[in-house]
Amino acid sequence: MKIWPQTTTRVDGVISVGGCSLAEIARHFGTPIFVLDELDFKTRASTWQESLNRNFGENSGLAYYAAKAFISKEIAGWIAQAGLGLDVCTGGELAVAKAAEFPAERIELHGNNKSESEISDAIDYRVGTIVIDSLQEIERVARIAHNKGVVQKVLLRLTPGVEAHTHEAISTAHEDVKFGFSIASGAAWDAVLATVKHESLKLAGFHAHIGSQIFAADAFVTSAGRLIEVMARYKKEFGVELPELDLGGGYGIAYVEGDDPISADVALSKLAAAVNQECERNEINVPKISIEPGRAIVGPSMVTVYEVGTTKEVTLEDGSTRWYVSVDGGMSDNMRTALYDAEYSVWLTNRVSDSKTRASRIVGKHCETGDIVIKDVQLPSDIVPGDLLATPATGAYGRSMASNYNHMTRPPVVAVVNGTARTIIRRETHQDLLALEVKEAPVSLTTITKSGDQA
Ligand code: LLP
């Protein structure tokens, strides 16, 4: 049950989350659908901030919830209420934070290519922190802040050169990546020197995010050690200490029974011990420590429910067979299997089956062979059209990476608690998609200077 939201119950084949039967939810709201366990989400959010406070004591900063995992105004409200910060990395995520009136001081703006207007909007909203990712951006943020007469607190994103043991596409802190300033190459120190020149920037410290879906604490510990060495160099060169260190997110969750993620307390107690030791060794005070969990908060709190539409037996080259079970969603609501070979679990949710299981593949309804929800799974052999399948742990990077491929409408998100269900994001309609299409008179973009010449 560890893969399912904390309020999940399974009685005689009836699976309920938040006191609501998934089959009832499907009947009432349709499928595919994301079901969000409100209590599970709120508990996880509080757990990360409380664990940070417990393990770092007076040196604890904020657990910034990574909005990219999944955000909406409602979620931003829950995060604000639980006392966490919010990590946003685009103008769109910032717009949600603003619409939710998220406390500006607790917002951190990320991104490796923030636009002028994103930076300007963030400064106008008075976000607490901007995390800078390139030399051009140092100048850009400094100029915009200066023009507004603001001194903006910033962190520099550093690349500690750590190999996080996860899928390459979600690993971010080895040397050959687009993110941050490399410590090893000297780029990090150059960035420090370029930042301190500006009176409109207040350098508060450093940030690193080493990757996602990480199960062991050792990579976080190595990364922290390398950042602390740069903090110590700063003290040596400037005679003062930087007050903040943000160690990023990336804490893994269980998608299938064999996954064994570390708890917030285990991860953060190891991190605290390492940070204390490294600060002592480098003769600096322990700075305020922040983290940025996304997946570990929202991932386990959502379940996707699909309806089966067709089934098909396919004979493989070796003579064995595979049972293809097609559901009414697919890669438009869950890109992760296609992108990262991600694994998921599944339960039949509308009835009990005691049929033997068979080797199956759950696929979506897109015109693409790679449109797979679960590549290899044992399913009861009596699955028929109309059955409902529920996939747990789809809260992070599920709805947030959903697309309209094949003009599919993105599924709704329904929050469940104490036997009640309410839509917090409605299902898209064909009308929503068609509404983007306009018929306008053409705009002339060339200026004719002389007859026949174009300027
Ligand atoms: N902080 C920064 C700067 C990040 O770039 C990320 C994730 C996080 C925090 C949150 O990481 P989390 O705790 O959620 O692992 N689409 C991929 C994950 C990409 C993560 C991008 N950055 C996936 O579905 O696995």
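Brief remarks follow.
- Test: Y340 is surrounded by fewer than 21 Cβ atoms within 10 Å (Cβ to Cβ), of a type in the set (S, T, Y), closer than 22 Å to Q213 by Cβ and within 16 Å of the ligand (Cβ to nearest atom): yes
- Residues satisfying the stated conditions in the stretch 28-44, i.e. open to solvent by 10 Å² or more (accessible area, probe 1.4 Å) and touching a strand residue (DSSP E or B) at 6+ places or on another chain (Cβ under 8 Å): H28, F29, T31, P32, E38, L39
- Here T446 meets the list (1) open to solvent by less than 80 Å² (accessible area, probe 1.4 Å); (2) within 22 Å of A393 (Cα to Cα) almost entirely, failing just condition (2).
- Filter result for V177 (open to solvent by 10 Å² or more (accessible area, probe 1.4 Å) and within 16 Å of the ligand (Cβ to nearest atom)): yes
- Note on the stretch 97-151: among residues that are part of a loop (DSSP other than H, G, I, E, B) and small (G, A, S), the one that is surrounded by the most Cβ atoms within 10 Å (Cβ to Cβ) is G111.
- Checking each residue in the stretch 238-295 for being buried (at least 20 other Cβ atoms within 10 Å of the Cβ) and aromatic (F, W, Y) picks out Y251, Y255.
- Criterion applied to I383, I362 was being open to solvent by less than 50 Å² (accessible area, probe 1.4 Å), in contact (Cβ under 8 Å) with a residue 12 or more places away in the chain and under 27 Å from V298 (Cβ atoms), and the one residue passing it is I362.
- Neighbours by Cβ (under 6 Å, 6+ apart or cross-chain): first from the stretch 250-261, away from the ligand (no atom under 13 Å from the Cβ); second assigned to a loop (DSSP other than H, G, I, E, B): A254/K2; A254/I3; A254/P261; V256/E343; V256/S345
- Test result for V266, within 16 Å of the ligand (Cβ to nearest atom), in contact with an Asp or Glu (Cβ under 9 Å, 6 or more places away or on another chain), farther than 26 Å from T195 by Cβ and β-branched (V, I, T): no
- Selection of the stretch 264-287 for residues being closer than 10 Å to A217 by Cα and under 22 Å from the mean Cα position of the chain (by Cα) yields V266, A267, L268, L271.
- Matching option when the condition is more than 16 Å from the ligand (Cβ to nearest atom) and in contact (Cβ under 8 Å) with a residue 40 or more places away in the chain, among A274, A208: A274
- S51 being open to solvent by 20 Å² or more (accessible area, probe 1.4 Å) and either at pLDDT below 95 or farther than 20 Å from D333 by Cβ (or both): no
- Cβ separations smaller than 6 Å between residues 6+ apart or across chains give the following pairs from the stretch 408-421 residues that are touching a residue at least 12 places away in the same chain (Cβ under 8 Å) and among the basic types (K, R) to residues that are open to solvent by 10 Å² or more (accessible area, probe 1.4 Å) and not in a strand (DSSP E or B): R410/A402; R410/E428.
- Identity of the residue in the stretch 214-233, farther than 15 Å from F181 by Cα and of a type in the set (D, E, K, R), that ends up surrounded by the most Cβ atoms within 10 Å (Cβ to Cβ): R233
- Search result, residues across the stretch 58-71 that are in a helix (DSSP H, G or I) and either of a type in the set (D, E) or within 12 Å of the ligand (Cβ to nearest atom) (or both): E58, A67, K68, A69
- Considering residues of the stretch 392-413 that are within 14 Å of the ligand (Cβ to nearest atom), surrounded by 15 or more Cβ atoms within 10 Å (Cβ to Cβ) and not aliphatic (A, V, I, L, M) only, the residue nearest to the chain's Cα centre (by Cα): Y397
- Of all residues making up the stretch 1-27, the number that are under 19 Å from P300 (Cα atoms), buried (at least 19 other Cβ atoms within 10 Å of the Cβ) and of a type outside the set (S, T, Y): 9
- For the stretch 170-189, the tally of residues that are at pLDDT below 65 and part of a helix (DSSP H, G or I) stands at 1.
- Qualifying residue in the stretch 72-82 (condition: under 19 Å from A264 (Cβ atoms), more than 16 Å from the ligand (Cβ to nearest atom), without any contact (Cβ under 8 Å) to a residue 60 or more places away in the chain and surrounded by fewer than 19 Cβ atoms within 10 Å (Cβ to Cβ)): yes
- In the stretch 137-154, the residues that are free of Cβ contacts under 8 Å to residues at least 40 places away in the same chain reach residues that are of a type in the set (G, A, S) with C-beta atoms within less than 6 angstrom, at least six apart or across chains, in these pairs: I144/S120.
The values are calculated or read from the model by the stated rules, or taken from the named source; none is laboratory data. Please read these numbers as outputs of a predicted model, since none were measured by experiment. As a convention, Cβ positions derive from the backbone with ideal geometry for all residues, glycine included, and neighbour counts pool all protein chains shown. Heavy atoms of the whole protein, side chains included, go into the accessibility calculation; ligands, DNA and RNA do not. Shrake-Rupley method; radii C 1.70, N 1.55, O 1.52, S 1.80 Å.
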